[in-house]
1. Can you give the helix-only mean residue ellipticity at 222 nm for the chain, where every DSSP H stretch with n ≥ 4 adds -39500 (n - 2.57) and the sum goes over all residues, rounded to the nearest 500 deg cm²/dmol?
2. Step through the residues of the stretch 154-161 one at a time and calculate ³J(HN,Hα) from phi using the Karplus curve (6.51 cos²θ - 1.76 cosθ + 1.60, θ = phi - 60°), rounding each to whole Hz and writing x for Gly and Pro.
3. Would you mind pulling out the separation of the Cα centroids of the stretch 346-364 and the stretch 93-141, in Å?
4. Please report Glu435, Glu392 as a ranked list, fewest other C-beta atoms within 10 angstrom at the top and most at the bottom.
5. Under a point spin-label approximation (7 Å from Cα along Cα-to-Cβ), what is the Lys220-Lys395 distance to one decimal in nm?
6. Report, in debye and to the nearest 20, how large the dipole of the stretch 4-492 comes out about its Cα centre when Lys and Arg carry +1 and Asp and Glu carry -1 on their Cβ.
7. Give the label of the value calculated from the structure for Cα extents along the principal axes in Å, choosing from [x] 71, 59, 40; [y] 96, 48, 45; [z] 71, 67, 41.
8. Using amide H atoms built 1.01 Å from N in the peptide plane, name the residues 5+ places from Leu493, or on other chains, whose amide H lies under 5 Å from its own.
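Bear in mind that the values in this text are calculations on the coordinates, not laboratory data. Computed from a prediction, not measured in an experiment: that's the story for all the values here. Cβ: placed from backbone, ideal geometry, glycine included. Neighbour counts: every protein chain shown.
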Amino acid sequence: MIAARALAPKLKPPLRTRSAHGFASLDPFVKDIASVQPTFPLASKNVKILKEPTDFYAELLNLIRRARRRLFISSLYIGHSETELFQTLNDALNQNQTLTLDLHLDALRSTRPGPDSPALSLLPLIDKFPGRVKVHLFRSPTLRGLMKAVVPRRFDEGWGTWHAKVYGADDEVILSGANLNESYFTNRQDRYIHIEKQPQLADYCFSFLQTCAAYSYKLKSLPPGSSSLPYDLIWDNHAVSHPRILSAAQKDLNALQASFHKDHPLDESAETMISPIIQSQPLGMREEERSFLHLFAHLKRQTITRYEKPHMDLTSGYFGLHRPYQRFVIDSGIDCRILVASPEANGFLGSKGLSGLIPEAYTLLEKRFWNKVLKAKRQWHTEAGGGIELREWRKDGWTYHAKGVWVSPSGHEPPLMTLFGSTNLNSRSAHLDTELSFILVTKSMFLRNQLAAEVKRLRIPSTRVGTKTWAQEDRRVRLLTRALVGLGVQDML
């Protein structure tokens, strides 16, 4: 486990700022983050928090239809049966001959064997719009050598994936944790923040994806009958081989961050600001962990110096909370309400083989975390209204995939800050996957109230859980599940 001091950066000299008007109780944290991360001002009127999967899908299709110069889409994968989505992309490219499309997806997830492989569905776009449609498939370098040869297909995704979710067109983006298939458009709850008229942020997202594209395979269509598959994956980075990309990619990503940081100093007169944070241990980037260290250090000081404690809401569809984050939550003294998926709302419920054990594994991880809370005597006290609360989300026929953090000055005020994006805040996100997330801080009551409504809406179909929950027969964890977690599988969940 990395010591906290190893994650702490050497902060730069005092920032060049444009106003003395700050972000209230989060001012020191904002300055800490902006001293090391790119930071962009936003107008709150251009930020919209979408509510439902259907809202996300409708806005995604409209975003594609509005595109005139560039489409840049990043996701874990695109479902092979998303006919309307593919047709909308096709129509947009047909109607505008200067429009380009860059797709950034995970190589392993997109090339699973079988007729429903996402790669097969992308070939018609590549063939019809040569030079204008590019598909970049990232494969984590973590699995290599002998292990790469012996690990069975499908299980190889356990060693890390491309997980960044960005849906961009021209100067607007939808930032989310949702992927691109039917369940995420209908009955799989996530978070979605639509930001319009923001060329700086859109340019950043596009540049981040292009930087990573240099360390990704290119999907190439092959003539019929020339191979057992109608496509090939081409590695065209002649400067470095795939297994050795870490140092080169880390250098390029750090240069990207430094460039945007230099060009966009913190503007404290802005009512809202946003900072992108990259987390990818395979590429040597640990910005999420560093940001959390700053956040909890700040919040811990606030619990000592202020009469009212800061309040945090935290959610993850896959609650294997990264161990340092567990310590931060328990030791900081802040009031924290945690919302996780119930077994019924876990996307792996009913899966065949070992995947079917995953909901049980999360029950075990929840129970272990809760035992730490009890040991620290930090459980939620209803009368006092403080401590740590754990709730499970359940909605008939739905699954839960939302993730993120909201921070308020106190329990009766709307959030000033939210963290959102692709990270699940778990060990896998910290150590294996390549993530892009965002910290948004705002003084706008309009936007703060939107954030408060988002928290309230997510919490409605949830119930509080605790020791009695784990004693129920339907929450029993089998020995095989305990053994797999004990062998370290929890870090891959």
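1. Mean residue ellipticity, 222 nm, calculated: -10500 deg cm²/dmol.
2. Listing the rounded values in order: 5, 6, 5, 5, x, 8, x, 9 Hz.
3. Their Cα centres are 30 Å away from one another.
4. Neighbour counts put them in this order, fewest first: Glu392, Glu435.
5. About 4.5 nm separates the two model spin labels.
6. 1240 debye
7. [x]
8. Amide H to amide H, under 5 Å and 5 or more residues apart or across chains, Leu493 pairs with Arg428.
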